[in-house]
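A quick write-up on the structure given underneath.
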Amino acid sequence: MNVRVLRIELRRSVALWAGAVVLTTALAFLYLLSGPWWNGTALWTAQWTSMALWTRSLLIFLWPLAVGLGALQGLRDHRSNVSELLTSTPRPAWHRAATLAGATAITLASAFGLLVLQGAVHVPAVTEYTHLGWLPISLVGALSLVAGAVLGMGVARALPSPLTPPVLAVCAFLFTNFLRQVPDSLESAVPTAMVPNRISLLSPPVAGVREVLLTLSPSVHVGQTLWLLGMIATGFALLAAATPRARLLALTPLLAGAALALLVLPSDPRRTYVVDEAAAAMVCDGPVCVTKAHQTRLDDLAGPGRKALRLLHDALGGQAPVAIRESTALRSLSDAPERPRDAVLFDFDDGVIATAKGEELTRALVAQGMAPVCFARSDNESGTSGELAGQSVAAGWVLGDLKPLGGTVHSLRDQLDLARPVWKELKALPRSEQLSRIRAMHAAAVSCKGDPLDVLAGGESR
Amino acid sequence: MRWLTLYARSRQVPASFAAVVISAVAVWALARDGGGGPGDPRLSALVLAAGVTAASIGLGGQDVALERTAAIRWVPRRAAHVLLIGTVVGAVLLAVQTMGEDLATTAFVVRDSAGLMGLVAVGATVFGAQYAWTLPISWLSFSLFAPPSTNTPTQVATWMLLPPGTAAGTWTALVLTVAGTAAYAVAGPRR
């Protein structure tokens, strides 16, 4: 009987449409546009957590749509002028509210589930790091769509005007946009919002992903679940309530949920987005280590890495680094990357390392070991051309021939134009003088003082 | 005159107009705190979209089937209704910004309110008046989060936010305006 009612409800309501609109808009956004979710190391199929966070970030426009469509659904009885008729039936009001809310909840949750499934198809092919830590992110996402729709229904039932759905949708849109967390920041290594962190977490969407190792902390999930459950309770109570007094009372769960959530949610962005320790754990092959999230790339890296370490030892002697590690430190966009003396630290965000293979990779690692960069290179940062040319001269000095390093926004020709005069001058010097300049350049690069190319050309380090 | 009053009442015009004015004033107040800064197209596109969305509920009456039986010429009336929505929504924004903060240039307001007005008219024709708001809201959110690009398909997809005078933006708005107004005038809201 209940299944039959549900089927009728699905056929006669916007529930199916709501699911279809949410799914198609999200897929169209992901597949028709090429944004940061298709580029770099933190693309949406890079890892389970990235997939969950990117699909959840789409809630910024899916959630207002769910609220608006829910409100349309809530207006149905009013539109067909049967509200009065239905109050005369003996069946309790919450029965009808439950079928109405249930049908929409099922379609919206399955639409979001299908979206996540679409991502889940891609992920196993790319990464070997399998875990379930991403699941709460997606579950809260699905819950938020359901909560938004039920709240929309409740509000529309309480304020039955054709204007309610568009106004609610626009208000929800403003809500998600003003509370939006933005990942690209010069001041902070983790996504931050314009408003206080706790308040911004009341909005279900999360920021896009810039760093693949970041995940949401458990207290965020707990706080958001409490808030969303309060929202569902209020929406449902508004759907079933008949008197103005009951409607006013129905607001209690929403306020209680908000209060509880604000107590639980972290106040600091650093405790909102935390490093996933399991993903950041090191997997090593001898002296070459990568994070567990990037385990698949270790095989390609181990051989060239060992060779690069050998070459560095020949060139720098006792000062040479003895290990190669992937960098895991969080960093805001303007910060210089870490440059320890004893290890070569690299980042797969750096196109020079990420795109190179075999011999090229050895050269890139030697370059990074000889002159670690002060100005990071990634999808959002270009590095400096002087540093890049300095790196190619240094690597050329170790390997015996000058070749440009690819994979950056700076063109190969510009790089060679900068590097060639320095290279010729350096090679013309006596061996001991060459060695002292190389060592000076290494010291300057490690301490981040002075442009490596200037130092190689005989300039003073600052 | 009596016909007009009754028509306006049946199309929820007072409520829609109030919503249009309130949203324009609210966003103008937000912009004054330096939220987006002058010349930020996102805020003005948002006001215009919110305006046409609020007005779109009037594109259908209480009983569409009954209205169709009226022996009057619907085509010019419907066309006038759509054009009036675009004019009023654009004019409210222009009027609000004469009080101070500049949100957008007149060319931008004209293009966007015309295009959005066509868009809700398409929505009302295809889905019915109560669903017409989904089109501008979905499209606006799509363009707000799409990364800026110079290739034509993306420019068409983000026409609302392009600077005025960009060919792709102008043409998309023009096509939407003409198609939407014509479709609604001839076919009317979906039953």
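Points worth noting:
- Residue match in segment A:227-249 (condition: of a type in the set (A, V, I, L, M) and in a strand (DSSP E or B)): no
- Residue in segment A:114-123 that is farther than 30 Å from A:D299 by Cα and buried (at least 17 other Cβ atoms within 10 Å of the Cβ) present: yes
- Which numbered condition B:G60 misses (of (1) crowded, with 16+ Cβ neighbours inside 10 Å; (2) within 20 Å of B:T5 (Cα to Cα); (3) more than 14 Å from chain A (Cβ to nearest Cβ); (4) in contact with a Gly (Cβ under 8 Å, 6 or more places away or on another chain)): (3)
- Check on B:F127, of a type in the set (F, W, Y) and free of Cβ contacts under 8 Å to residues at least 60 places away in the same chain: no
- Residues satisfying the stated conditions in segment A:171-191, i.e. under 22 Å from A:F375 (Cβ atoms) and not aliphatic (A, V, I, L, M): A:P183, A:D184, A:S185, A:E187, A:S188
- Within the set A:V290, A:V220, the sole residue that is part of a strand (DSSP E or B), closer than 24 Å to A:W37 by Cα and either within 27 Å of the chain's Cα centre (by Cα) or without any contact (Cβ under 8 Å) to a residue 60 or more places away in the chain (or both) turns out to be A:V290.
- Which numbered condition A:A395 misses (of (1) of a type in the set (G, A, S); (2) farther than 18 Å from A:R339 by Cβ; (3) in contact with a helix residue (DSSP H, G or I) (Cβ under 9 Å, 6 or more places away or on another chain)): (2)
- Test: residue in segment B:84-97 that is loosely packed, with under 14 Cβ neighbours inside 10 Å, more than 10 Å from chain A (Cβ to nearest Cβ) and part of a loop (DSSP other than H, G, I, E, B): no
- Qualifying positions in segment A:426-436 - surrounded by 15 or more Cβ atoms within 10 Å (Cβ to Cβ) and within 15 Å of A:L402 (Cβ to Cβ): A:L426, A:Q434
- Where a residue in segment A:293-322 is among the hydroxyl-bearing types (S, T, Y) and its partner, wherever it lies, is crowded, with 19+ Cβ neighbours inside 10 Å, with Cβ under 8 Å and at least six apart: A:T296/A:T127
- Residues considered: A:A147, A:A101, A:A109. Of these, the only one that is away from chain B (no Cβ under 14 Å), touching a helix residue (DSSP H, G or I) at 6+ places or on another chain (Cβ under 7 Å) and free of Cβ contacts under 8 Å to residues at least 40 places away in the same chain is A:A109.
- Count of segment A:172-187 residues, restricted to those that are more than 10 Å from chain B (Cβ to nearest Cβ) and buried (at least 23 other Cβ atoms within 10 Å of the Cβ), is 2.
- Scan of segment A:62-103 for residues that are surrounded by fewer than 18 Cβ atoms within 10 Å (Cβ to Cβ) and not in a helix (DSSP H, G or I), ordered by number: A:S80, A:N81, A:V82, A:S88, A:T89, A:P90, A:R91, A:P92
- Extreme residue, farthest from B:S143 (Cα to Cα), among residues of segment A:1-26 that are assigned to a helix (DSSP H, G or I) and within 12 Å of another protein chain (Cβ to nearest Cβ): A:W17
- Conditions (1) at the interface with chain A (Cβ under 10 Å from one of its Cβ atoms); (2) at pLDDT 90 or above: number failed by B:A183: (1)
- Of all residues in segment B:63-83 being at pLDDT 90 or above, closer than 30 Å to A:V170 by Cβ and of a type in the set (A, V, I, L, M, F, W, C), the one that is surrounded by the most Cβ atoms within 10 Å (Cβ to Cβ): B:V82
- Residue in segment A:236-244 that is of a type in the set (A, V, I, L, M), at pLDDT below 90 and farther than 30 Å from A:T104 by Cα present: no
- Residues of segment B:131-153 satisfying the condition of being buried (at least 19 other Cβ atoms within 10 Å of the Cβ), without any contact (Cβ under 8 Å) to a residue 60 or more places away in the chain and facing another protein chain (nearest Cβ under 8 Å): B:Y131, B:T134, B:S138, B:S141
- Flag not set for A:L86, criterion: without any contact (Cβ under 8 Å) to a residue 12 or more places away in the chain, within 13 Å of another protein chain (Cβ to nearest Cβ), over 18 Å from A:P165 (Cα atoms) and not basic (K, R).
- Test for B:A29: is it out of contact with any helix residue (DSSP H, G or I) (no Cβ under 8 Å at 6 or more places or on another chain), without any contact (Cβ under 8 Å) to a residue 60 or more places away in the chain and more than 13 Å from chain A (Cβ to nearest Cβ): no
- Number of residues in segment A:365-382 that are assigned to a helix (DSSP H, G or I) and either in contact (Cβ under 8 Å) with a residue 40 or more places away in the chain or surrounded by fewer than 19 Cβ atoms within 10 Å (Cβ to Cβ) (or both): the value is 4.
- Matching residues, segment A:29-61, being within 11 Å of chain B (Cβ to nearest Cβ), surrounded by fewer than 24 Cβ atoms within 10 Å (Cβ to Cβ) and not in a helix (DSSP H, G or I): A:L33, A:S34, A:G35, A:N39
- Qualifying residues in segment A:407-454 (those that are among the hydroxyl-bearing types (S, T, Y) and closer than 19 Å to A:R377 by Cβ) - the one modelled with the highest pLDDT: A:S411
- Close Cβ contacts (under 8 Å, 6 or more residues apart or on different chains) running from residues in segment A:154-171 that are at the interface with chain B (Cβ under 7 Å from one of its Cβ atoms) to residues that are part of a loop (DSSP other than H, G, I, E, B) comprise A:S161/B:Q12; A:P162/A:L75; A:P162/B:Q12; A:L163/B:Q12; A:P165/A:L75; A:P165/B:W133; A:P166/B:W133; A:A169/B:W133.
The values are calculated or read from the model by the stated rules, or taken from the named source; none is laboratory data. Source: prediction; values computed, not measured. Cβ atoms come from the backbone with ideal geometry, glycine included; neighbour counts cover every protein chain shown.
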